[in-house]
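Everything on this sheet refers to the single structure shown next.
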Amino acid sequence: MDAPNNVLVVEDDVALSKLVGGLLDEAGYSAVTIADHALIGAAVERWQPRLVILDGEIRSTGEGRSWDDAVAIRRAHPDLPVVMFSADSDDLEEARAGTSERSRAASFAGIVGKPFVVEEFLATVRSVVEQPVVEQHAKITTEPADEAITVFPDIGQHLVADWPATDLFATVVHELRAPLTVMRGQAQLARRYIGQDPDRTRAALDSALSQMDRMARLISELLNQSRISSNALSLNVVAFDLSDAVASAVTRHQYGEIARIAFDRPLAAVRVRGDPKRIAEILDNLVDNAIKYSAQSAPIEVSLTIDDAEAQVRVADHGVGIPASERSRLFTPFYRTSRTADIHGTGLGLHISQQLAKRHGGRLWLETSSDAGSVFALALPLKK
């Protein structure tokens, strides 16, 4: 029986994962894509791939985790080649040089930078898959055995809500290059099919345009993040009825044939002081998340109450919930939970919303969460 022609793609960006998977399928391989690096071992055991294409997911320290994952794969499966798939120019240069301790330990069989040229990407895959195992590891045998199994410390759990600027910058570059890589790849596909296959050409261009919109949203959120971090975000503070603001947010998201968002509106006005535009951004983020991470027909309940000197808005969904082990990192910039990695998002919305709430003298927090859904709460001081 012929060996399976599976290629495991570890990539946390949904659009990029689909692009790479499609290219591999067209080239005659069977792409298996996962977003969670913690599932690499199980995926390798189940699918027995001939190659692993490993994304350089960014930790809170600004460093990619490709190195540690490659070493772990090598230790468990010495004959399984791994290709580095990264947007970090320093990592790419270090891997190509192959002179550092961790580059020798990881021993990548191939290196692909983001953005990439489709033909060069496929040529790298073919070269690695068809290269004899003994040749792939020839240089490894000259290194001391203990270096080949070096395991670098896993610092991925030490996340904090406020990152140093240099670490945040590294993550920003990583996040921006993902849609840029997809745009370039889809443009190359459109050029390949133009005049031959109008439907595929149109699909490729639509995908590229979608990524442009995504990049525009990301840049907008990054600007907000930058202004908040530098205390340069201006607020136009006025007194207004928070009930009206919540009702407007619900109306903006009530676009289905059947109303799924219920708002328990208080009879009396709830007066607060703040910037109505910025408060609307917080409310939109909470309601949008409730919709995005819930089943299409699942109800969403929004309430507004007064507790002592605070007005409190709660948005309850019946969605995927947040694992207990991940809740402390929920408001960290760019953090996506393991249950939402395959859903489009920047990982900035909750962080920015929480910072905006603080700027208003308020709070934003996850009140409860389980497999049956989550409740987020926003508190703002009442107008005195």
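Under 23 Å from residue 179 (Cα atoms), in contact with a helix residue (DSSP H, G or I) (Cβ under 8 Å, 6 or more places away or on another chain) and either assigned to a helix (DSSP H, G or I) or open to solvent by less than 30 Å² (accessible area, probe 1.4 Å) (or both): is that true of residue 16 in this structure? Considered against the rule, which asks whether it is under 23 Å from residue 179 (Cα atoms), in contact with a helix residue (DSSP H, G or I) (Cβ under 8 Å, 6 or more places away or on another chain) and either assigned to a helix (DSSP H, G or I) or open to solvent by less than 30 Å² (accessible area, probe 1.4 Å) (or both), residue 16 comes out as yes.
Going by the structure shown, is residue 71 in a helix (DSSP H, G or I) and not small (Gly, Ala, Ser)? When the stated conditions are applied, residue 71 passes them.
The numbered conditions (1) part of a helix (DSSP H, G or I); (2) closer than 21 Å to residue 122 by Cβ are all true for residue 85 except (1). Pairing residues of the range 82-106 that are on the phi > 0 side of the Ramachandran plot and open to solvent by 10 Å² or more (accessible area, probe 1.4 Å) with residues that are assigned to a loop (DSSP other than H, G, I, E, B) and modelled with pLDDT of 90 or more, at Cβ distances under 8 Å and at least 6 apart in sequence or on separate chains, gives 98/107.
Answer yes or no: is there a residue in the range 332-343 that is farther than 17 Å from residue 249 by Cα and either over 18 Å from the mean Cα position of the chain (by Cα) or assigned to a helix (DSSP H, G or I) (or both). Walk me through it before giving the result.
Quick first cut of the range 332-343, residues farther than 17 Å from residue 249 by Cα only: 332-343.
Still in the running and either over 18 Å from the mean Cα position of the chain (by Cα) or assigned to a helix (DSSP H, G or I) (or both): none.
Among the residues of the range 332-343, not one is farther than 17 Å from residue 249 by Cα and either over 18 Å from the mean Cα position of the chain (by Cα) or assigned to a helix (DSSP H, G or I) (or both), which makes the answer no.
Taking the conditions (1) within 24 Å of residue 121 (Cα to Cα); (2) exposed (fewer than 14 other Cβ atoms within 10 Å of the Cβ) in turn, residue 257 satisfies each one other than (1).
Is it fair to say residue 352 is within 23 Å of residue 13 (Cα to Cα), open to solvent by 20 Å² or more (accessible area, probe 1.4 Å) and out of contact with any Ser or Thr (no Cβ under 6 Å at 6 or more places or on another chain)? No: the conditions fail for residue 352.
Hey, among the residues in the range 107-131 that are of a type in the set (Gly, Ala, Ser) and out of contact with any Lys or Arg (no Cβ under 9 Å at 6 or more places or on another chain), which one's most open to solvent (accessible area, probe 1.4 Å)? Steps first, answer last, please.
Pass one, the range 107-131, residues of a type in the set (Gly, Ala, Ser): 107, 109-110, 113, 123, 127.
Remaining after also requiring out of contact with any Lys or Arg (no Cβ under 9 Å at 6 or more places or on another chain): 109-110, 113, 123, 127.
On the way: 109: 34, 110: 10, 113: 18, 123: 46, 127: 68 Å².
The qualifying residue most open to solvent (accessible area, probe 1.4 Å) is 127.
Somewhere in the range 292-313, is a residue surrounded by fewer than 16 Cβ atoms within 10 Å (Cβ to Cβ), part of a helix (DSSP H, G or I) and among the hydroxyl-bearing types (Ser, Thr, Tyr)? The answer is no, given that none of the residues of the range 292-313 is surrounded by fewer than 16 Cβ atoms within 10 Å (Cβ to Cβ), part of a helix (DSSP H, G or I) and among the hydroxyl-bearing types (Ser, Thr, Tyr).
Being closer than 29 Å to residue 310 by Cα and either in contact with a His (Cβ under 6 Å, 6 or more places away or on another chain) or open to solvent by less than 60 Å² (accessible area, probe 1.4 Å) (or both) narrows it down to one residue among 247, 204; which is it? So that I can check it myself, show each step before the final result.
Numbers: 204 fails: closer than 29 Å to residue 310 by Cα.
Just one listed residue meets the conditions, 247.
Against the test of being surrounded by fewer than 17 Cβ atoms within 10 Å (Cβ to Cβ), at pLDDT 75 or above and either not in a helix (DSSP H, G or I) or not acidic (Asp, Glu) (or both), the options 184, 192 yield a single qualifying residue, 192.
The values are calculated or read from the model by the stated rules, or taken from the named source; none is laboratory data. The structure presented is a predicted model; accordingly, all values stated were derived computationally and were not measured. Reconstructed Cβ throughout: ideal geometry from the backbone, glycine too, with neighbour counts over all protein chains shown. We work out accessible area using only protein heavy atoms, side chains counted, and drop any ligands, DNA or RNA first. Shrake-Rupley method; radii C 1.70, N 1.55, O 1.52, S 1.80 Å.
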